[in-house]
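Only one structure is covered here, and it is reproduced in the block below.
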Amino acid sequence: MLNRIGCLLLFLACVTCGFPQDATEIVKKADDLMQGVTSESEMEMTIVRPDWQRSVTFKSWGKGRNLSMTLITAPPKESGQSFLKLGNDMWSWNPTINRMIKLPPSMMSQGWMGSDYTNDDILKESSVVMDYTHAIIGTEMVSGYSCYKIELIPKENAAVVWGKIHLWISKDAYYELRAVYFDEDGNRVKTHLLSEIKFMYDRKIPTCFEIIPEDKPKQKTIVKIRSAKFNIPIPDAFFSQQRMKNLK
């Protein structure tokens with residue numbers, strides 16, 4: 001009897017002192033919530049600067065981590081530009097100059113369309129699940145949600161932009177509500193704030209992303225999801241250079 005009570009107390013102590021879920025499992029569930037097996041979305045991006053701001057609307061399609069396509073739909077001057085990722089290769093198509101350009105890996109950290117959103121963010125070059133190790137380093141409240149604070153450290157030889165990432169993911173629904181990105185020297189580079197949780201297709205997800213660079217506090221980029229569908233049929237053949245030129 002005493003042995004059974006002792007085992008029970010030991011079990012309760014382990015549950016109380018530790019975290020009930022694996023950090024990688026939490027990150028994967030949050031990532032799956034936003035990505036799905038496949039996805040199709042329409043978004044609006046507002047680039048805010050001290051003296052001006054402008055908006056860009058675009059459509060995006062994704063299938064796993066190796067296939068993605070993005071089409072600019074407005075403003076008219078940039079409408080028709082498209083971006084494609086096939087595995088580790090990425091291209092952009094500009095109909096104005098009738099030119100296809102392959103993007104080198106060095107461009108992944110650069111701002112997409114002049115925004116604070118990087119090419120890596122748009123084209124999903126790196127995977128927060130596969131390219132990093134994960135550890136729960138605390139719990140905090142974010143926007144009224146109790147969240148796990150998880151530290152992501154790049155795996156050796158992973159082709160990633162960041163030195164480390166901190167994510168705040170809600171315990172109940174796996175909403176990613178905040179992300180802070182650091183360079184290789186441990187300096188804070190930018191913060192993502194996620195909000196406006198809404199029902200999209202078959203799930204509730206954050207639909208507003210605010211990207212704030214650390215060294216430029218008077219500028220930011222706001223991305224809002226207008227519509228999204230998940231786990232819909234998209235053939236692999238859709239993601240091709242030929243399709244880039246004829247997207248609508």
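The numbers here are math on the coordinates, done by the rules we state, and not lab data. Since we're looking at a predicted model, the values are computed, not measured. In this analysis, Cβ positions are derived from the backbone assuming ideal geometry, glycine residues included, and neighbour counts consider all displayed protein chains.
Tell me, Trp162, Trp91 in order of fewest to most beta-carbon neighbours within 10 Å?
On the way: Trp162 22, Trp91 16.
Lowest to highest Cβ neighbour count: Trp91, Trp162.
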Sorted by Cβ density within 10 Å, fewest first, the residues Cys208, Cys147: Cys208, Cys147
Report, in degrees rounded to the nearest 10, the 0 to 90 angle that the Cα long axis of helix 23-35 makes with the longest principal axis of the chain. 30
The rounded separation in angstrom of the Cα centers of the stretch 212-244 and the stretch 28-80 is 2
Return Met244, Met141 ranked ascending by Cβ neighbour count within 10 Å, so the fewest neighbours appear first. Met141, Met244
Grab the alpha carbons of the stretch 163-239, take their convex hull, and tell me the volume per residue in Å³. 144
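How long are the semi-axes of the equivalent ellipsoid of the stretch 19-244, defined as square roots of 5 times the Cα gyration tensor eigenvalues? Whole Å, largest first. The partial results should precede the final answer.
Working: eigenvalues 147, 79, 69 Å².
That gives 27, 20, 19 Å for the three semi-axes.
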Note the angle between two axes, namely the Cα long axis of helix 2-17 and the longest principal axis of the Cα atoms of the chain, as a number of degrees from 0 to 90, rounded to the nearest 10. 30
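What's the FRET efficiency of Ser79 with Glu196 using the Cβ-Cβ distance as r and R₀ = 22 Å, to the nearest 0.05?
0.25
For the stretch 183-248, which GluC sites (Glu not before Pro) pass both filters: DSSP loop (anything but H, G, I, E, B) and at most 14 other C-beta atoms within 10 Å?
Details: sites: Glu184, Glu196, Glu210, Glu214; in loops: Glu184, Glu214.
The qualifying sites are Glu184, Glu214.
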